[in-house]
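Have a look at the structure below, then the notes.
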Amino acid sequence: MPERAGRESHIVSRHSSGPSIPDARFTVQETILAFDYGARFVGVAVADTGVGVAHPLATIDATGAERRFGAIAALVREWQPALLVVGLPLSAEGGAQALTGRVRRFARQLEGRFGLPVVLQDERLSSAEAESRLRAIGRGGRRHKDLTHPVAAQVVLQAYLDERGR
């Protein structure tokens, strides 16, 4: 997807992965933003339901709620999503883990602040999958650490799309 103008200073980095091919099976095109919430960074991905392919978008510095939600507000204004998807961290067995409660709170805050529907999507192993993908293209390691977060959000969003008929 092409990168849009209007970068905010609290967005650590933005990513673009090129054009996509439309899929005729979808009749309604809507934009979806997905979030991989972390204590320090929030990864963001975007997809258009007409295409059905998620793309990494941005890494937001998550220090300070107002700064974090300011960056998210800028992305919501820019992309005008119909839906927000938040990766829900669960244990290998499917139970809650240390970050699960914070992520649920983050999802409720998104819904309250932006008035958009928010869906929680199981994100088990999304960060590991993101790191594996980045290593495969030579972008792994500390030098490219800011790429892990939006790629993890991409993994979460693609799983959401795939579960709904992709």
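No lab work stands behind these numbers, since they all come straight from the coordinates. Note that this is a predicted model, so its numbers are computed, not measured. Backbone-built Cβ (ideal geometry, glycine too); neighbour counts: all protein chains shown.
Length available on full extension from Ala73 to Thr100: 0.36 nm per residue minus the Cα-Cα distance, which gives 7.4 nm.
Between Ala82 and Asp122, what is the FRET efficiency for a Förster distance of 25 Å, r being their Cβ-Cβ separation, to the nearest 0.05?
After rounding, the FRET efficiency stands at 0.75.
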